[in-house]
1. Please list, ordered by residue number, the helices (runs of 4 or more DSSP H) wholly in region 161-214 having 1 or more residues that are touching a Gly at 6+ places or on another chain (Cβ under 7 Å) and touching a residue at least 40 places away in the same chain (Cβ under 8 Å).
2. Taking region 19-33, which residues are touching a residue at least 40 places away in the same chain (Cβ under 8 Å) and within 12 Å of the ligand (Cβ to nearest atom)?
3. If you check every pair at least six apart or on different chains, which have Cβ atoms under 7 Å apart with a residue in region 126-149 that is among the acidic types (D, E) first and a residue that is in a helix (DSSP H, G or I) and crowded, with 17+ Cβ neighbours inside 10 Å second?
4. Out of all the residues in region 149-168, is one or more farther than 30 Å from E80 by Cα and surrounded by 20 or more Cβ atoms within 10 Å (Cβ to Cβ)?
5. From the list L68, L117, L57, exactly one residue is among the aliphatic types (A, V, I, L, M) and touching a strand residue (DSSP E or B) at 6+ places or on another chain (Cβ under 9 Å). Which is it?
6. If V54 passes every condition in (1) more than 9 Å from the ligand (Cβ to nearest atom); (2) surrounded by 17 or more Cβ atoms within 10 Å (Cβ to Cβ); (3) more than 30 Å from G153 (Cα to Cα) but one, which one does it miss?
7. Check whether at least one residue in region 80-97 is within 12 Å of the ligand (Cβ to nearest atom), crowded, with 16+ Cβ neighbours inside 10 Å and modelled with pLDDT of 95 or more, and report yes or no.
8. Are there any pairs with C-beta distances below 6 angstrom linking a residue in region 35-61 that is at pLDDT 95 or above to a residue that is charged (D, E, K, R) and more than 10 Å from the ligand (Cβ to nearest atom), with the two at least 6 apart or on different chains, and if so which?
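The values are calculated or read from the model by the stated rules, or taken from the named source; none is laboratory data. Here the structure is a predicted model, which means the values were calculated and not measured. We place every Cβ from the backbone using ideal geometry, glycine too, and count neighbours over all the protein chains shown.
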Amino acid sequence: MKLFSYFRSSAAWRVRIALAYKGIPHGTIPVHLLRDGGQQHSESYHEANPQERVPSLEDEGQVFSQSLVIIEYLEETHPEPPLLPQDFAGRARVRQMAHLIACDIHPLQNLRVLSYLRGPLGQGDGPVADWVRHWIADGFGPLEELARRHGDGTQYLFRGSVTVADVCLVPMMYNARRWHLDLKPYPALVAIDSHLMTLPAFSTTRPEAQPDAE
Ligand SMILES: N[C@@H](CCC(=O)N[C@@H](CS)C(=O)NCC(=O)O)C(=O)O
């Protein structure tokens, strides 16, 4: 298995966590999103992923993209240890929290979205940073509430073990700090993030620990 990754990509970090949590051996191919005009736009990477984004995962001659799809693929091919609960309602709840982060918060701060704000729409660094913080806060408010309803608010987003929701949370907390979002309104998310970062699958896959980290 080979993971196309960029150290700072939160979507790639999700997959790094899932691979580490499940103990799946793999190689990593760095794709630098800024160097050479963005290596994700190279001909060879376009062949792997026509959407020109990371992550992508190559397995048995096939390349898949979309971090949550890759994680579900890993869950189905390597069920232990599980990243989804056994019961249908639990699985739906975990996916609800994961999608809140991956589908509603994350796309609004993607490199090409911010480049469009800066370029064609002529926005400066200040308004762009406000935009990012606004949309993270828009998602973190309800996520904080869901964490308190469905988890203990201190260790995991859902019940008592690691799920795909936690896998999505940690990289988003990292982004929130990078953009200097005030995290005081989200004590449960802060506590859960700091607990998860004590687990090797999360800490060893952090951006600074990657071979392509700058
Ligand atoms: N929904 C996709 C998002 C992938 C994505 O947007 N990746 C970003 C890095 S976090 C990227 O490759 N951006 C490159 C670009 O915008 O050109 C997923 O979950 O995999």
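1. In region 161-214, the matching helices (runs of 4 or more DSSP H) lie at 187-196.
2. Passing the criteria: H32, L33.
3. Between residues of region 126-149 that are among the acidic types (D, E) and residues that are in a helix (DSSP H, G or I) and crowded, with 17+ Cβ neighbours inside 10 Å, the close pairs are E144/A188; E144/L189.
4. No, there is no match, as no residue in region 149-168 is farther than 30 Å from E80 by Cα and surrounded by 20 or more Cβ atoms within 10 Å (Cβ to Cβ).
5. The unique qualifying residue is L57.
6. (1)
7. No, region 80-97 contains no residue that is within 12 Å of the ligand (Cβ to nearest atom), crowded, with 16+ Cβ neighbours inside 10 Å and modelled with pLDDT of 95 or more.
8. E58/K2
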